[in-house]
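Asks: Before I ask anything, here is the structure I am working with.
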Amino acid sequence: MTLRERILEALMEAKGNFVSGEKLALRFGVSRAAVWKTVNALRKEAYEVEAVPKKGYRLAGNDVLSPEGILSQLKTVFPFRPVCRRVVTSTNTVLKEMAAAGAEEGTVLLAEEQTEGRGRLGRSFYSPFGSGLYMSILLMPEQLPSKAARLTTMAACAAALAIEELTGRDVGIKWVNDLYMDGKKVCGILTEASMSLESGRLERAVVGIGVNLREPEGGFPPELRSIVGAVWGADCGETNLRNTLAARILDRFAEYYLHPDSDDCYLTYKQRSFLLGKEINILHPDGSHSPATALSVDRNYRLVVRLADGREALLNSGEVSVRPQQPN
Ligand code: BTN
């Protein structure tokens, strides 16, 4: 770890309390001037670090991600190991690198900002500083690759229930795994898995969850405004919000992951699937689309649709949109 990372982590651990420059200098075996220089560098990165003579330094702002802030709220026995970073390219990308370097199952990488946040189907995921929860979970599930999609569904259901618990509002799931509130997408999931050629089983999977918590300052970019929304308003000053949400999601995810044969996840998913009964368009990779009616979701989370010619079909993955109602 660099000095910058160690000082940031120490400030995060202090959860808004002051830490003296002298203590930091002693702990990391550097001069107080080096601590001061590092704090200034953090400020340039947009961290609000308060400096008060005789007291030391304090991370201002009441919603800073920290491993302790998450671990202290976790109830599960699953050994999650949160790692918090200020900025990364993509938590999925960096966690895959950490896995290649030996990170253990249960490592969870969280960042305040992603510069290259990624979404499904090669899209980008808008991930500005301070407005979202960007987290990826490393798993080594030893399952058949066909089960990888279930991890995504578990994450979607875990996030939906956690958001509902903290907001008291309903969350809808749009097949495959996008979460919606009041008609706008508030959360997306991207699972990336690698397979062992020898065993034909999953070697590891990285489940990435992105939640738009607050509207960014100045709002979402114009091209996203009609599609994307935030769980809370920009003025939500709730303390420790992101650590709490991360812990709630991880707890619920662990429940599903540790009991893969339970019906809970499927029932949660189905109850919130707002496409069922709706007229939809199936979107094809070449940009064309075909009309259908969404009938149900089967136990493998495939969307059961009736096509225009009356035949039923099962969709494994891909994208659909709700068809605008035709005026009578
Ligand atoms: C989608 O909406 O298509 C999926 C979005 C997934 C975003 C999350 S944020 C954390 C993790 N890191 C990424 O780069 N992507 C996922």
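Nothing in this text is a laboratory measurement; each read-out follows from the coordinates by a stated rule. Since we're looking at a predicted model, the values are computed, not measured. Neighbour counts run over all protein chains shown; Cβ positions are idealised from the backbone, glycine included.
Asks: Would you work out if the range 55-132 is rounded, prolate or oblate? Take a ≥ b ≥ c from the square roots of the eigenvalues of the alpha-carbon gyration tensor; rounded if a/c is under 1.5, else prolate when a/b is larger than b/c, oblate otherwise.
Replies: oblate
Asks: Does the range 177-328 come out rounded, prolate or oblate by the C-alpha gyration tensor, with a ≥ b ≥ c the root eigenvalues, rounded set by a/c under 1.5 and, if not, prolate when a/b is larger than b/c and oblate if not?
Replies: Values: a/c = 1.80, a/b = 1.11, b/c = 1.62.
Oblate is the answer for the range 177-328, as a/c is 1.5 or above yet b/c matches or exceeds a/b.
Asks: Also, quick follow-up: Which length gain, in nm to one decimal place, applies between Leu144 and Arg323 when the Cα-Cα distance is subtracted from 0.36 nm times their residue separation? The partial results should precede the final answer.
Replies: On the way: separation 179, 0.36 × 179 = 64.44 nm, distance 3.49 nm.
Working it through step by step, the gained length comes to 61.0 nm.
Asks: Order these by the 10 Å Cβ neighbour count, fewest first: Ile137, Ile280.
Replies: Listing Ile137, Ile280 from fewest to most nearby Cβ atoms yields Ile280, Ile137.
Asks: May I ask you to derive the relative contact order of the range 58-129, considering only C-alpha pairs under 8 Å and at least 6 residues apart, and to give it as an integer percent? Before the final figure, lay out each step's value.
Replies: Values: 87 pairs, mean separation 21.5, N = 72.
The value is 30 percent.
Asks: For every helix of n ≥ 4 consecutive DSSP H residues, a contribution of -39,500 (n - 2.57) applies; sum these over the chain, divide by its total residues, and give [θ] at 222 nm rounded to the nearest 500 deg cm²/dmol. If you can, show how the numbers build up before the last one.
Replies: On the way: 8 runs with 94 residues, N = 328.
Dividing the helical sum by the residues of the chain leaves -9000 deg cm²/dmol.
Asks: If you don't mind, there's one more thing I want to ask. Please find, in a Gaussian network model of the chain (springs between Cα atoms separated by less than 10 Å), the residue of Arg248, Arg58, Arg299 whose mean-square fluctuation is greatest.
Replies: Among Arg248, Arg58, Arg299, the largest GNM mean-square fluctuation belongs to Arg299.
Asks: Using Stokes-Einstein with the Kirkwood hydrodynamic radius over Cα pairs, what translational diffusion coefficient do you get for the range 265-327 at 20 °C and a viscosity of 1.002 mPa s, in µm²/s rounded to a whole number? Spell out each step's value before the answer.
Replies: Working: Rh = 12.1 Å.
The calculation lands on 176 µm²/s.
Asks: Please express the shape of the range 142-207 as an equivalent ellipsoid: the semi-axes are the square roots of 5 times the eigenvalues of the C-alpha gyration tensor, given largest first in whole angstrom.
Replies: Semi-axes (√(5λ), whole Å): 29, 10, 8.
Asks: Fewest to most neighbouring Cβ within 10 Å: what's the order for Thr89, Thr153? Write out the running numbers ahead of the final one.
Replies: On the way: Thr89 15, Thr153 23.
Listing Thr89, Thr153 from fewest to most nearby Cβ atoms yields Thr89, Thr153.
Asks: In what order do Trp36, Trp175, Trp232 fall by count of nearby beta-carbon atoms within 10 Å, going from fewest to most?
Replies: On the way: Trp36 15, Trp175 24, Trp232 19.
Fewest to most other Cβ atoms nearby, the residues stand as Trp36, Trp232, Trp175.
Asks: Continuing with this model, one more query. Taking 0.36 nm per residue of separation and subtracting the Cα-Cα distance, what length does fully extending Arg311 through Lys44 add?
Replies: On the way: separation 267, 0.36 × 267 = 96.12 nm, distance 5.95 nm.
Full extension from Arg311 to Lys44 adds 90.2 nm.
Asks: Mind checking the alpha-carbon convex hull of the chain and giving the volume per residue in Å³? Don't skip to the end; give the middle numbers.
Replies: On the way: hull volume 51.8 nm³, N = 328.
Given the Cα convex hull of the chain, per-residue volume reads 158 Å³.
Asks: Now, a different point. In whole Å, what is the distance between the alpha-carbon centres of the range 171-227 and the range 271-316?
Replies: 20 Å
Asks: Figure the gain on full extension for Glu68 and Arg169 (residue separation times 0.36 nm, minus the Cα-Cα span) and round it to one decimal in nm.
Replies: Length difference between fully extended and current span is 33.6 nm.
Asks: Shifting gears a bit: Share of Cα-Cα pairs in the range 123-172 beyond 16 Å, in percent?
Replies: Values: 726 of 1225 pairs.
That fraction is 59 percent.
Asks: What distance in nm separates the simple spin-label points at Arg32 and Ala101, each placed 7 Å from Cα in the Cβ direction?
Replies: 3.3 nm
Asks: Distance in nm between label sites at Arg81 and Asp264, each 7 Å beyond Cα in the beta-carbon direction?
Replies: 2.5 nm
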